[in-house]
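Asker: Pasting in a structure now, in structure tokens, and then I'll have a few things to ask.
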Amino acid sequence: MVKFTRVLDPERVKDGDLLVFPAGVTKLNLKPSTFGDLGLSMGRTSRSDNSPETVAAWLSRSDGAARLFMVCDVSHRSAPQGDDLLLTMDACLKRKVPEVPRISTACLVPFGPKMWSWKRWAACWNEAHNGAVTAELAAKVGVEGALADTIGVKDQYMNQVWNEDINLNGLSGDPTGGEAAEDCFPIQSGRDKADPESFDVATLMAWDGKYGPKSGRIQFNAGFLSNLAQRGAKVLRPDEEFERLVTASVVSWYCHEMQMRFLRRVSSGRAYLRGLAADIRRDAGRARRYDALSRKLGRLGPRLSKETLKGTGATA
């Protein structure tokens with residue numbers, strides 16, 4: 001059974017925590033400019049942290065509908081060291097050090113792929129949960145799900161056809177061709193070896209957090225979540241079962257996408273085989289034609305020799 005724990009101090013969030021805008025809370029039905037007043041840096045220049053269009057699309061609603069976001073790419077403030085504590089009043093107090101330190105910056109993304117792409121959502125979930133997706137793929141798909149990247153081993157024939165010439169791999173009529181980004185595959189990390197890095201295919205999962213495009217995250221600083229909490233937002237921390245179930249859904253999507261890619265590769269290989277078989281038949285026919293002509297003309301050799309000897313008087 002999935003469980004969620006309320007995070008009482010919004011300034012102590014960590015990757016994977018959920019921000020909830022409950023349904024019907026009118027204090028959270030805000031314009032982008034109001035979110036700016038609450039602490040978001042917005043603008044269309046490189047100096048700003050966020051795009052007003054992204055803030056409007058993700059955060060601003062006037063219908064009071066519930067909204068769910070995930071906190072990710074969290075940077076925490078450095079915890080005070082023992083020597084520093086001796087120089088402060090904390091030295092006289094016995095305080096329990098919080099398990100999660102206060103944040104300095106972090107990002108918000110919509111929970112799930114509904115408001116943005118599966119590609120970004122999958123990569124963001126994977127990053128926020130310490131590579132859970134790629135680790136699961138490495139464990140359950142394994143080396144047989146990745147292509148060999150060494151000459152002289154399995155996959156070399158198909159790799160040559162697929163990678164070398166789109167005019168031979170059956171994709172010459174396809175505007176994307178065989179070199180399209182959508183046709184990249186997991187690669188083994190060594191002969192008969194695969195690890196999570198093998199499945200980190202950037203064409204399937206790509207997200208760069210606060211350093212990526214402004215359309216792929218909302219970056220905020222300390223204080224922003226507290227301001228939202230004062231207006232009725234809640235921060236929840238899901239349990240491991242929830243993380244396991246969501247990871248499974250992302251792995252399922254990844255596997256479906258990879259299935260389509262390999263089917264495309266199989267179709268390409270079969271197209272090549274049909275073309276190769278036709279070429280083999282033509283070459284075999286040519287060989288038979290040359291053989292027949294060779295045999296036919298070869299029979300003239302003895303006659304020509306006889307006539308030559310007779311005509312030149314070289315016969316006895």
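The values are calculated or read from the model by the stated rules, or taken from the named source; none is laboratory data. Keep in mind that this is a model prediction, so the values were computed, not measured. Ideal geometry is used to build each Cβ from the backbone, glycine not excepted, and the neighbour counts take in all protein chains shown.
Asker: Name every residue in the range 190-224 that is touching a residue at least 12 places away in the same chain (Cβ under 8 Å), of a type in the set (D, E, K, R) and out of contact with any Pro (no Cβ under 9 Å at 6 or more places or on another chain), in order of residue number.
Answerer: Matches in the range 190-224: 191, 192, 193, 195, 197, 210, 214, 217.
Asker: Charged (D, E, K, R), under 24 Å from residue 213 (Cα atoms) and exposed (fewer than 13 other Cβ atoms within 10 Å of the Cβ): which single residue out of 44, 6 fits that description? Outline the logic, then answer.
Answerer: On the way: 6 fails: under 24 Å from residue 213 (Cα atoms).
The match here is 44.
Asker: Which number in (1) at negative phi; (2) assigned to a loop (DSSP other than H, G, I, E, B); (3) at pLDDT 95 or above marks the one condition that residue 232 misses?
Answerer: Result: residue 232 fails condition (1) only.
Asker: Next up: Which pairs turn up if I take residues in the range 31-44 that are of a type in the set (A, V, I, L, M, F, W, C) and look for partners that are part of a loop (DSSP other than H, G, I, E, B) with beta carbon separation below 7 Å, at least 6 apart in sequence or on another chain?
Answerer: Matching pairs, first to second residue: 35/59; 42/48.
Asker: Among the listed residues 138, 148, 128, identify the single one that is farther than 30 Å from residue 270 by Cα and either buried (at least 18 other Cβ atoms within 10 Å of the Cβ) or at pLDDT below 95 (or both).
Answerer: Values: 138 fails: farther than 30 Å from residue 270 by Cα; 148 fails: farther than 30 Å from residue 270 by Cα.
After applying the criteria, what remains is 128.
Asker: Just wondering, is there one or more residues in the range 62-72 that are crowded, with 17+ Cβ neighbours inside 10 Å, at pLDDT below 95 and among the aliphatic types (A, V, I, L, M)?
Answerer: no
Asker: Among the residues of the range 256-270, is there at least one that is surrounded by 15 or more Cβ atoms within 10 Å (Cβ to Cβ), of a type in the set (A, V, I, L, M) and modelled with pLDDT of 90 or more?
Answerer: Within the range 256-270, one or more residues are surrounded by 15 or more Cβ atoms within 10 Å (Cβ to Cβ), of a type in the set (A, V, I, L, M) and modelled with pLDDT of 90 or more.
Asker: I want to confirm something. Restricting to the range 164-186 and keeping residues that are within 23 Å of residue 142 (Cα to Cα) and modelled with pLDDT of 60 or more, which single residue is surrounded by the most Cβ atoms within 10 Å (Cβ to Cβ)?
Answerer: Among them, the one singled out is 186.
Asker: Can you tell me which residue among 20, 25 is surrounded by 12 or more Cβ atoms within 10 Å (Cβ to Cβ), modelled with pLDDT of 85 or more and farther than 29 Å from residue 212 by Cβ?
Answerer: Details: 20 fails: farther than 29 Å from residue 212 by Cβ.
Result of the check over 20, 25: 25.
Asker: Report yes if some residue within the range 203-210 is at pLDDT below 95 and of a type in the set (Lys, Arg); otherwise report no.
Answerer: yes
Asker: A follow-up question, please. For the range 129-161, which positions are touching a residue at least 24 places away in the same chain (Cβ under 8 Å) and more than 21 Å from the chain's Cα centre (by Cα)? Let's see the steps before the verdict.
Answerer: Step one: list which residues in the range 129-161 are touching a residue at least 24 places away in the same chain (Cβ under 8 Å), which gives 129, 131-138, 140-143, 145-150, 153, 158, 161.
Selection gives 150, 153, 158, 161.
Asker: Of everything in the range 201-221, what is among the hydrophobic types (A, V, I, L, M, F, W, C) and either surrounded by fewer than 17 Cβ atoms within 10 Å (Cβ to Cβ) or part of a helix (DSSP H, G or I) (or both)? Give them in sequence order.
Answerer: Step one: list which residues in the range 201-221 are among the hydrophobic types (A, V, I, L, M, F, W, C), which gives 201-202, 204-207, 218, 220.
Within the range 201-221, just 202 meets the criteria.
Asker: Is it true that some residue in the range 196-216 is of a type in the set (Val, Ile, Thr) and more than 14 Å from the chain's Cα centre (by Cα)?
Answerer: Our first condition is that a residue be of a type in the set (Val, Ile, Thr); within the range 196-216, this holds for 201, 203.
Add one more test, that the residue is more than 14 Å from the chain's Cα centre (by Cα), and what stays is none.
No: the range 196-216 contains no residue that is of a type in the set (Val, Ile, Thr) and more than 14 Å from the chain's Cα centre (by Cα).
Asker: Still on this structure, please answer the following. Of the numbered conditions (1) out of contact with any Asp or Glu (no Cβ under 7 Å at 6 or more places or on another chain); (2) closer than 30 Å to residue 32 by Cα, residue 290 fails exactly one; give the number of that condition.
Answerer: Just one mismatch for residue 290, condition (2).
Asker: Hey, any hits in the range 28-45 for a residue that's under 20 Å from residue 221 (Cβ atoms), among the hydrophobic types (A, V, I, L, M, F, W, C) and within 26 Å of the chain's Cα centre (by Cα)?
Answerer: No, the range 28-45 contains no residue that is under 20 Å from residue 221 (Cβ atoms), among the hydrophobic types (A, V, I, L, M, F, W, C) and within 26 Å of the chain's Cα centre (by Cα).
Asker: Of the residues that make up the range 278-301, is at least one out of contact with any helix residue (DSSP H, G or I) (no Cβ under 9 Å at 6 or more places or on another chain), surrounded by 14 or more Cβ atoms within 10 Å (Cβ to Cβ) and in a helix (DSSP H, G or I)?
Answerer: Residues of the range 278-301 that are out of contact with any helix residue (DSSP H, G or I) (no Cβ under 9 Å at 6 or more places or on another chain), as a first pass: 278-301.
If we keep only those that are surrounded by 14 or more Cβ atoms within 10 Å (Cβ to Cβ) as well, we get none.
Looking for residues that are out of contact with any helix residue (DSSP H, G or I) (no Cβ under 9 Å at 6 or more places or on another chain), surrounded by 14 or more Cβ atoms within 10 Å (Cβ to Cβ) and in a helix (DSSP H, G or I), one finds none in the range 278-301, hence no.
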